[in-house]
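Engineer: Take a look at the following structure, please.
The values are calculated or read from the model by the stated rules, or taken from the named source; none is laboratory data. Small disclaimer: the values here were computed from a predicted structure and weren't measured. FYI the Cβ positions are ideal-geometry reconstructions off the backbone, even for glycines, and counts take in every protein chain you see.
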Amino acid sequence: MSLVDGGIYIPLYKESKKEDLPKIQVPAFWMDQSAVTQRQFLHFVRTHPAWRKSQVSPLFAESTYLSHWTGDLSFRKRDADRPVTFVSWFAAQAYCEWKQKRLPTLSEWELAASASETHPAAADDPAFIARILAWYAKPSGEEPNTVPFRNYWHIYDLHGRVWEWVYDFNSALVTGESRADSDLDRTQFCGGGAASATDFKNYGAFMRFAFRSSLEGKYALANLGFRCVKDVQPTHPEAKK
Amino acid sequence: MAIGFLFIPISGIPQDPADHLRHTVLDTTGSTHKDSLYQLEKPWRQASGKAFTLSDLKGVPAVLLMFYTSCEYVCPLLVADLKEVESRLPKKILKTIKFVLFSFDPKRDTPETLTAYARKMKLDPSRWILNTAPEPTVREMSLVLGVKYKPESTGNFSHSYMMTLIDKNGVIQHQQIGKKQSQQDFVTHVLNQFNPER
């Protein structure tokens, strides 16, 4: 794992128009250097039969769960070190718990992912942002991008291979439907989507926001994997049982 | 959902709604209810201080809400809507059905706070079960119910307006998203759960 220094994450949306730039203080944390691989996930599934694709509960994973695996405990050999995908949030969370880790919060993931090769906070570096967008623009074929991208924290491929689950992905309330999602700022109505955004240039962040808000916990998608994080201090409130 | 419903009058429900109802209710299909929310194992804590898991409801239809007590705007409406549902149900059903509330706010919603809230809102303790739990337990519940929520810097939460009806096997039968003018539609869904012809 790599240590990511604490820092300030600026959410994509303000809570209200009158608010100044929102800031979330993120304490330092450890993050897996790579997304969890098929081989690593196999080890989990082997020791946790409830997470085998023939046995997993439909409450916790849709029918596409591990659908690219050739059997309950097998996949194509050449995929062994590729990120595991077709995994639900529940499966990812269970894996991280098994490792005595947890899924990164959205703030943690975005903070770590805002680092370029040379700078810990590159969200205002046009070249870095353009590169991320170029990755997103590529159609996601079966073979993920295999040119590794190592960022400032020595963390690999936060961009460029697969999308990744975050712990609190369902905190993106985008409907703007005040009766459905309560207490919502009305700036998120259709057409006003970007009005309360904090960074208009960071189109990649909008794409991630939109992608996350379209997910459900049981979804298992072809290009969605995960990695785990760990607290520096073991008393992080979200890690407490 | 292939659930052959037999109406099984449930008698002798203990006054404490969280007492484990150990008897198993078999349905006519012998289905194992793979979608049952009873699979959620992380325990909640009730206002009474006792532990609660959804499988404690075995055999009993219930309505589930996520809320928090210091919510000033929407949650009182949500709870009021469920109270309206309650007021439209016949006594016989009220003896059985449970209304289960799960708090987003583990920091402020202690069992004591929940107890005070239930008293203030006049929620009948034989039927209303208010619960609190640490964040990962809250998150898991929100994901199986499809409720979105987000803590705000003020300490409040933005969250979905959602009422969920589960059947006596813990399977979701109906969800009402968003505030409705009338609760009649939801009441009809509840009544269906107790309809002997199902």
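Engineer: Using the structure shown, decide if B:H159 is buried (at least 19 other Cβ atoms within 10 Å of the Cβ), in contact with a Phe, Trp or Tyr (Cβ under 8 Å, 6 or more places away or on another chain) and not in a helix (DSSP H, G or I).
Structural biologist: yes
Engineer: Still on this structure, please answer the following. B:K95 fails exactly one of the following numbered conditions: (1) surrounded by fewer than 20 Cβ atoms within 10 Å (Cβ to Cβ); (2) in contact with a strand residue (DSSP E or B) (Cβ under 7 Å, 6 or more places away or on another chain); (3) away from chain A (no Cβ under 14 Å). What is the number of that condition?
Structural biologist: (2)
Engineer: Which one of the conditions (1) at the interface with chain A (Cβ under 9 Å from one of its Cβ atoms); (2) surrounded by fewer than 20 Cβ atoms within 10 Å (Cβ to Cβ); (3) not aromatic (F, W, Y) does B:M121 fail to meet, given that it meets all the rest?
Structural biologist: (1)
Engineer: Let me ask something else. Every residue in the stretch B:162-191 that is part of a helix (DSSP H, G or I) and touching a residue at least 12 places away in the same chain (Cβ under 8 Å), please.
Structural biologist: B:Q184, B:F186, B:V187, B:H189, B:V190, B:L191
Engineer: Moving on. Only one of B:Y68, B:Y73 is within 14 Å of another protein chain (Cβ to nearest Cβ) and either more than 16 Å from the chain's Cα centre (by Cα) or among the acidic types (D, E) (or both). Can you tell me which?
Structural biologist: Answer to the selection: B:Y73.
Engineer: Which residue is surrounded by the most Cβ atoms within 10 Å (Cβ to Cβ), if the candidates are limited to the stretch B:124-136 and must be within 14 Å of chain A (Cβ to nearest Cβ) and in a loop (DSSP other than H, G, I, E, B)?
Structural biologist: Only one residue fits best here, namely B:A133.
Engineer: Mind checking which residues of the stretch B:139-158 are touching a residue at least 60 places away in the same chain (Cβ under 8 Å) and either over 17 Å from A:L106 (Cα atoms) or more than 7 Å from chain A (Cβ to nearest Cβ) (or both)?
Structural biologist: B:E140, B:M141, B:V144, B:L145, B:V147, B:G155, B:N156, B:F157
Engineer: Taking the condition away from every other protein chain (no Cβ under 14 Å) and either surrounded by 18 or more Cβ atoms within 10 Å (Cβ to Cβ) or not charged (D, E, K, R) (or both), does B:I166 pass?
Structural biologist: No.
Engineer: A further question follows. Only one of (1) assigned to a loop (DSSP other than H, G, I, E, B); (2) modelled with pLDDT of 90 or more fails for A:P139. Which number is that?
Structural biologist: All conditions pass for A:P139, except number (2).
Engineer: Are there any pairs with C-beta distances below 6 angstrom linking a residue in the stretch A:34-52 that is under 21 Å from A:V162 (Cα atoms) and at pLDDT 95 or above to a residue that is of a type in the set (D, E) and not in a helix (DSSP H, G or I), with the two at least 6 apart or on different chains, and if so which?
Structural biologist: What qualifies is A:T37/A:D81.
Engineer: Name the pairs: first residue in the stretch A:116-132 and touching a residue at least 24 places away in the same chain (Cβ under 8 Å), second residue part of a helix (DSSP H, G or I) and among the β-branched types (V, I, T), Cβ to Cβ under 6 Å, at least 6 apart or on different chains?
Structural biologist: That search, which allows pairs on different chains as well, returns nothing.
Engineer: Among what's in the stretch A:1-33 and is in contact with a Lys or Arg (Cβ under 7 Å, 6 or more places away or on another chain) and part of a loop (DSSP other than H, G, I, E, B), pick the residue that is modelled with the lowest pLDDT.
Structural biologist: Only one residue tops the list, namely A:P22.
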